[in-house]
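**Student:** One structure, pasted below without further comment.
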Amino acid sequence: MQAFRNQSRLTYLIWGGLALEIIAALITGRWTAAFVAFGTLGLSMTPLFLASRLHIHLPKSIVAVAVAFVFATLFLGEVFDFYERLWWWDIALHGLSAVGFGIAGFLFVFILFEGDRYAAPPWAMGLLAASIGIMIGVLWEIFEFAMDQAFGLNMQKSGLPDTMGDLIVDVIGASLGGTMGGLYLRGQALGSVSALVDEFVALNSRFFSRFRRKR
C-alpha cells in the first residue's frame, strides 16, 4: 500500500525487529512473546490503515511516534517487563501519549471545521480536542482491561489504582495537547508542534480550504 512507503528509518527498524521476534519466538516455542509481538506489529500499523481508508496523509514523524509508542507499551512493557523494571515507564508513556492524543484530537476537530479557525473560538476547539484525547485514553484503558481478561496479561498492573492514575495523567496530557492546538490557532509559536501541524495541513490541504493561519 502507498501509505506504507517512504516511512522513517525508525518505523521500518521497529517493524523489522518485531517481524524477526515473531519468527524467533515461534521457532523457540515462546508463544506469548510471539502473540504480543504480532499484536504489537498489527496495532502499530493500524494508524496507517485507518488513514488510508479515510484518505488522510500522515507525516512520517506522526507515524514514527505512534509506532514507537505501541512498541514501547506492548512489546517492551510486556515482553521485557519494563513496567516492573522502570517505575516511571508507565507514567512517561501515558503522559507523552496523552499529549499526542490531544494534538490528534485537535487535528480531527480542525478537519471537521474545514480549517476555518473563525468557525469557533480557539479555546472551544482546544476543549473539543482535549475531550477527544481523553476519550482515546479511556478507550486504551478499556483495551488494557480486555487484553488482561481475554489473554491473561497484566497490562493494568495494580488494577484500579493503575487505571485511575493513568486516567488522571491522560486528562492532564490531553488538556495540554488541546491547549497547544488552541494556541496554534491564535498564531502562537510552538516550535516543533507548529511545524508538525503545518506539515499535516500541507499534506491534507483539501481539508483546509478555509484555513488562513494568523501570523
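The values are calculated or read from the model by the stated rules, or taken from the named source; none is laboratory data. Model, not experiment: these values are computed from the prediction. With ideal geometry, Cβ positions are generated from the backbone for all residues, glycine too; neighbour counts draw on all protein chains shown. The area values use the complete protein model at the heavy-atom level, side chains included, leaving out ligands, DNA and RNA. Shrake-Rupley method; radii C 1.70, N 1.55, O 1.52, S 1.80 Å.
**Student:** Being surrounded by fewer than 20 Cβ atoms within 10 Å (Cβ to Cβ) and not acidic (Asp, Glu) is the requirement here; does GLY105 meet it?
**Tutor:** No; evaluated as a whole, the condition is false for this residue.
**Student:** Identify, from the list ALA146, ALA120, ALA130, ALA202, the residue that is open to solvent by 60 Å² or more (accessible area, probe 1.4 Å) and either among the hydrophobic types (A, V, I, L, M, F, W, C) or in contact (Cβ under 8 Å) with a residue 60 or more places away in the chain (or both).
**Tutor:** From the options ALA146, ALA120, ALA130, ALA202, the qualifying one is ALA202.
**Student:** Looking at region 129-152, can you tell me whether even one residue there is modelled with pLDDT under 90, among the aromatic types (Phe, Trp, Tyr), farther than 20 Å from GLY102 by Cβ and touching a helix residue (DSSP H, G or I) at 6+ places or on another chain (Cβ under 8 Å)?
**Tutor:** Looking for residues that are modelled with pLDDT under 90, among the aromatic types (Phe, Trp, Tyr), farther than 20 Å from GLY102 by Cβ and touching a helix residue (DSSP H, G or I) at 6+ places or on another chain (Cβ under 8 Å), one finds at least one in region 129-152, hence yes.
**Student:** Of everything in region 1-51, what is hydroxyl-bearing (Ser, Thr, Tyr), loosely packed, with under 14 Cβ neighbours inside 10 Å and assigned to a loop (DSSP other than H, G, I, E, B)? Give them in sequence order.
**Tutor:** Hits for region 1-51: nothing passes.
**Student:** For region 182-197, what are the residues that are open to solvent by less than 50 Å² (accessible area, probe 1.4 Å) and either in contact (Cβ under 8 Å) with a residue 24 or more places away in the chain or among the aromatic types (Phe, Trp, Tyr) (or both)?
**Tutor:** Listed by number, the residues that qualify are GLY182, TYR184, LEU185, GLY187, VAL193, LEU196, VAL197.
**Student:** What number of residues in region 153-180 are more than 18 Å from GLY100 (Cβ to Cβ), hydrophobic (A, V, I, L, M, F, W, C) and in contact with a Phe, Trp or Tyr (Cβ under 9 Å, 6 or more places away or on another chain)?
**Tutor:** The total comes to 1.
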